[in-house]
Amino acid sequence: MIPKEMNIRSFFASRGMAACFVLAILVLSGISWMVYQDMQEGAKTKLWVNHTYEVISEIGTVRSKLADAEASQRGYLITGDENYLDVYTKALASVKPSAERIVQLTDDNPNEHSRAVDLQNTVEEKLTRFSEGINLRRKSGFESARLFVLSGVGKKQMDKIRDLADEMERTEKELLKQRTEESNANTDWTLITFSAGLLVSFVLLVIAFLMLNQQIVVRRRTEEALTAALEKEHVLAETAADVICTINAEGLFTAINPACEKIWGYRPEEMIGRPFVDFIVPGDIDRSNDAAVRIFAGETETDFENRYIHKNGSAVPVMWSATWSETQKLMFCIARDITERKLAQEKLEKFAAELERSNSELQDFAAVASHDLQEPLRKIQSFADELKTSIGASLDEEDSDTLDRMIAAAGRMRTLINDLLAFSRVTTKAKPFATVDLGTVVSEVLSDLEARTKDTGGHIEVGHLPTIDADPMQMRQLFQNLIGNGLKFHRPGIAPVITVNGQNGGSQCNLTIADNGIGFDEKYLDRIFTVFQRLHGRNEFEGTGIGLAICRKIVER
């Protein structure tokens, strides 16, 4: 029969891997439309899921090993038989490293890390309590040990450990809840069953130290429940979309589920008893053998990729997760067909190349606009100014007006080109992010706008502004455009009043720039942030319709 602790470990491992499978499928199905927003999101999610699974696994180890240690210790306290301490000694060797590993794994989450440290400290106290009880039994006999147990201190410590472990597990699983409800429901049910068995055992040991036979009954029931859970896992393996198999130390398949026929075209009986290297694409055999050597040595391999040969001769890309069981002398493996992921990756690379080409064309346009287009405009303006100076007095009113319009049109064209350059440079000439004091930036902008503020009789109120990570020049341009708009679009006869406030909300910064100007209908909300879109004619307000588009692009970056 498989040892109880091995049953528990296998149970949690299968449920955790099922959760990884569900989330990975969701990530793959959504990557086609998510990739252009954040190419790293899939990788981060995958790492986070693996991280979450490892935390849950270590918590389970601490819980189960402490339970084994407690049962063993209490058996010794009752009987005085040193043989009971064998399990206790083995359990202690795993508890401390697991508690320390939990603290390390939760270092990126302050709340979870605090609970992990509390759990580690409580575990240390519990282990000390174990040792005190054993020493007391050895030195003072059974009655002293009985009173020691009935003090209730050990129960409070164990309850605290359970509470901390339950709270940490709930926190870690919350992020996977939506996509792994079925898997989590099975896992939660098994955890409740297992915890109930331990609680029953604990209560029986405390209140009925003479009823050792009852403890044995509870252990048997728990073992039966774990055996039933393993049978459920077998059903899941038979119906799983992933290949689930075992390989012995000689590299031969010893068991494999029916998914192998769907992925590779071989029935299970065609693969069992044959070396796994017989099915690997020749170019991947050496890497696969190296990975197998590491796994046989006790390492756990996750997300290892190679290619298997389909029965029809095609190559199927596969991602493996595998671990070695020293007890059973078998490698337990899960393999997932990642053909769709590879195709998505190729699309991603093609999209990146196309994006790079588009950016290159945009930079070429900026170069042309800043040099080739500017020079003819400068000549037009220069020649027109000379023409007006030389013959302007002799022109009639209509010709003079035509010449003035030509000069104004050239000036507007030059302004438009400069604004288009500013719009393109938000991306092509962007600087690395640095720490920016927004209060200092706004002060510099107000200094630049001082003359315009006096001309309009405006008043600008600036509240507290946070310090953020951003492009300093672009943040200055953002405030210059928005405050400048507030001064420009004011009501006739009413001096503009502009307020600037900010609030740092952790990962996001809230900025508010409000004014008492002419405003706009909210149905035009999307329009005014688009290039060349204006709600007023040039005769009413100057401008090219690019300023707010630049603001939008800066904020989105």
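Structure notes:
Quick grid of which residues meet (1) farther than 30 Å from ILE468 by Cα; (2) out of contact with any Pro (no Cβ under 7 Å at 6 or more places or on another chain); (3) modelled with pLDDT under 70; (4) surrounded by fewer than 16 Cβ atoms within 10 Å (Cβ to Cβ):
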site: ILE391; (1), (2), (3), (4): yes, yes, no, yes
site: ASP399; (1), (2), (3), (4): yes, yes, no, yes
site: ASP404; (1), (2), (3), (4): yes, yes, no, yes
site: THR415; (1), (2), (3), (4): yes, yes, yes, yes
site: ASP419; (1), (2), (3), (4): no, yes, yes, no
site: ALA422; (1), (2), (3), (4): no, yes, yes, no
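- If the condition is being surrounded by 18 or more Cβ atoms within 10 Å (Cβ to Cβ) and within 9 Å of TRP264 (Cα to Cα), then segment 310-321 contributes only VAL316.
- For segment 474-500, the candidate set comprises residues that are among the polar types (S, T, N, Q) and open to solvent by 20 Å² or more (accessible area, probe 1.4 Å); within that set, the residue that is farthest from LEU438 (Cα to Cα) is ASN485.
- ALA470 passes every criterion in (1) small (Gly, Ala, Ser); (2) open to solvent by less than 20 Å² (accessible area, probe 1.4 Å); (3) on the phi > 0 side of the Ramachandran plot apart from (3).
- Qualifying residue in segment 90-107 (condition: outside any helix (DSSP H, G or I) and over 30 Å from ARG146 (Cα atoms)): yes
- Residue match in segment 279-292 (condition: assigned to a strand (DSSP E or B), closer than 28 Å to GLU54 by Cα and open to solvent by 20 Å² or more (accessible area, probe 1.4 Å)): no
- For GLU182, the requirement of being at pLDDT below 80 and open to solvent by 20 Å² or more (accessible area, probe 1.4 Å) is met.
The values are calculated or read from the model by the stated rules, or taken from the named source; none is laboratory data. Just so we're clear, the structure is a prediction, and the values are computed from it rather than from any experiment. Neighbour counts are summed over all protein chains in view; Cβ atoms, including those assigned to glycine, are modelled from backbone coordinates with ideal geometry. Accessible surface areas use protein heavy atoms only, side chains included; no ligands, DNA or RNA. Shrake-Rupley method; radii C 1.70, N 1.55, O 1.52, S 1.80 Å.
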